[in-house]
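The values are calculated or read from the model by the stated rules, or taken from the named source; none is laboratory data. Only a predicted model underlies this, so the values are computations on that prediction, with no experimental measurement involved. Note that each Cβ is placed from the backbone with ideal geometry, even for glycine, and that neighbours are counted across all protein chains shown. For the accessible areas, the whole protein counts, side chains as well, though only heavy atoms, and no ligand, DNA or RNA atoms are used. Shrake-Rupley method; radii C 1.70, N 1.55, O 1.52, S 1.80 Å.
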Amino acid sequence: MQGFPLSKTPLATLLAAGILAATLLSPGPAVAAEPPGKALSEKHGLPWPAVVAHRGASYDAPEETIPAYILARDLGADYLEMDVQRTRDGVLIALHDDLLERTTNIAQVFPKRAKDPVSTFTLAEIKQLDAGSWFNKAYPDRARDSYAGLQILTLDEVIDIAEGGANKPGLYIETKVPNQFPGIEADLKKALAKRGWLGERPAAAAGQVNVAHMPGRVVLQTFEKQSLELLHKEMPSVPKVLLLWIGEGSIEPKSNVAFKDSGFKDKNSYYGAQEVKSPEAFQAWVDWAKAHGAIGTGPSAKLTQGGDQSYMDLVKPWMNTLTHEKGLVIHPYTVDDAVDFKKISTDGVDGFFTNRTAELLKFYERPAKESMETILKRNGY
Ligand code: G3P
Ligand code: CA
């Protein structure tokens with residue numbers, strides 16, 4: 001047992017008190033304790049703290065498209081994050097939603113198939129879709145004419161971008177809705193091996209991002225236990241992260257009231273009120289992750305400003321302490337604002353998934369060398 005309830009006696013407080021007492025009693029100079037996740041990240045060959053460009057630099061360009069990934073790469077992200085799915089003819093593509101409606105013009109191009117899953121479209125059909133104009137409409141303040149007509153990318157095309165600049169970021173790949181794509185874990189292994197990403201890669205020049213040269217050049221992530229097992233079977237030595245959530249198929253909730261019956265007006269407020277049933281229920285997921293090959297967890301975070309990527313608070317200090325004590329690193333999703341970078345870092349995490357690469361780099365005091373405008377213009381956007 002971990003001596004619960006930890007909320008009444010936070011381990012961080014006890015640790016801090018212990019360090020203070022030891023420092024006061026010690027005759028030597030005070031030495032700041034190294035954050036536990038730093039050593040764990042180093043052990044697994046991961047950068048610390050990690051800047052994971054969630055769907056690319058997706059605040060500033062349409063998610064999982066060429067400009068989003070080029071921006072993330074050239075700004076200096078450690079990882080390009082993507083969600084992989086598979087076309088009907090077997091090609092791995094980078095796309096978040098399992099439907100094409102939100103981020104493409106599917107309703108115009110294939111009106112009768114607008115609600116069909118991605119898995120029913122061939123690559124040639126997918127490539128006919130405009131994956132950029134929705135962004136211009138949704139975010140007129142960040143719109144660019146050059147975003148209209150952008151295509152959905154294949155995994156190979158994202159790898160081309162990762163390899164194509166002076167910075168050499170790694171790849172942080174999620175198997176999305178993997179139950180719709182039997183065998184996708186084996187396909188992913190084949191695809192990564194073919195491109196030489198399962199073995200050593202050349203080092204970047206000094207002063208550039210060099211994550212592709214590190215053992216943690218690829219991190220595999222999933223919400224699904226079965227997919228984690230399959231990823232581990234296919235690629236036992238590649239670092240893996242189990243994404244955490246509260247609800248069916250994930251960590252058991254304290255309350256089983258559904259959103260529609262909850263009285264909350266918006267989903268992010270509902271998510272923000274969700275809690276794990278017990279510390280043991282949380283620990284069970286961390287233990288399972290570790291026992292099945294994960295080197296880390298990807299917990300959701302509740303954001304100060306709310307918004308549609310504000311979820312459950314699974315980065316409470318006791319959760320982070322427990323996870324680190326089990327030997328796992330912590331990369332929460334998806335955090336964009338300085339206020340949350342600061343708060344959640346203080347609570348003890350090892351990097352972030354972020355839509356705003358430039359902001360997180362600034363927070364970590366390694367700001368991008370170029371402006372987004374310069375990078376986009378240089379690349380024809
Ligand atoms: O992969 C981490 C984070 O991306 C999980 O959420 O829905 O944005 O893929 P989602
Ligand atoms: Ca993802």
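Brief remarks on what is shown
- Phe341 buried (at least 24 other Cβ atoms within 10 Å of the Cβ) and assigned by TED's automatic domain parsing to the domain that holds Pro47: no
- Taking every residue in the stretch 75-93 that is among the hydroxyl-bearing types (Ser, Thr, Tyr) and pairing it with any residue that is assigned to a strand (DSSP E or B) and within 11 Å of ligand 2 (Cβ to nearest atom), at least 6 positions away or on another chain, the pairs with Cβ-Cβ distances below 6 Å are Tyr79/Val52; Tyr79/Tyr172.
- Taking the stretch 314-337 as the range and being open to solvent by 10 Å² or more (accessible area, probe 1.4 Å), part of a loop (DSSP other than H, G, I, E, B) and either of a type outside the set (D, E, K, R) or within 23 Å of Glu81 (Cα to Cα) (or both) as the test, the residues that pass are Gly327, Asp336, Asp337.
- Which numbered condition His54 fails, given (1) more than 16 Å from ligand 1 (Cβ to nearest atom); (2) on the phi < 0 side of the Ramachandran plot: (1)
- Some residue of the stretch 290-310 being over 20 Å from Ala50 (Cβ atoms), touching a Leu at 6+ places or on another chain (Cβ under 9 Å), open to solvent by less than 40 Å² (accessible area, probe 1.4 Å) and not in a loop (DSSP other than H, G, I, E, B): no
- When the stretch 182-234 is filtered for residues that are small (Gly, Ala, Ser), under 30 Å from Glu248 (Cβ atoms) and under 17 Å from the mean Cα position of the chain (by Cα), only Ser227 remains.
- The single condition from (1) over 18 Å from Ala68 (Cβ atoms); (2) part of a loop (DSSP other than H, G, I, E, B) that Asp340 fails is (2).
- Count of the stretch 240-260 residues, restricted to those that are open to solvent by 10 Å² or more (accessible area, probe 1.4 Å) and in a loop (DSSP other than H, G, I, E, B), is 11.
- Condition check for Asp78: closer than 30 Å to Arg201 by Cβ and either open to solvent by 50 Å² or more (accessible area, probe 1.4 Å) or of a type in the set (Asp, Glu) (or both): yes
- Among (1) hydroxyl-bearing (Ser, Thr, Tyr); (2) modelled with pLDDT of 95 or more; (3) more than 18 Å from the chain's Cα centre (by Cα) - the single one Ser255 does not satisfy: (2)
- Some residue of the stretch 352-366 being in a loop (DSSP other than H, G, I, E, B), assigned by TED's automatic domain parsing to the domain that holds Leu71 and open to solvent by 60 Å² or more (accessible area, probe 1.4 Å): yes
- Helices (runs of 4 or more DSSP H) fully within the stretch 116-213 that include at least 1 residues being closer than 19 Å to Leu75 by Cα and open to solvent by less than 30 Å² (accessible area, probe 1.4 Å): 155-163.
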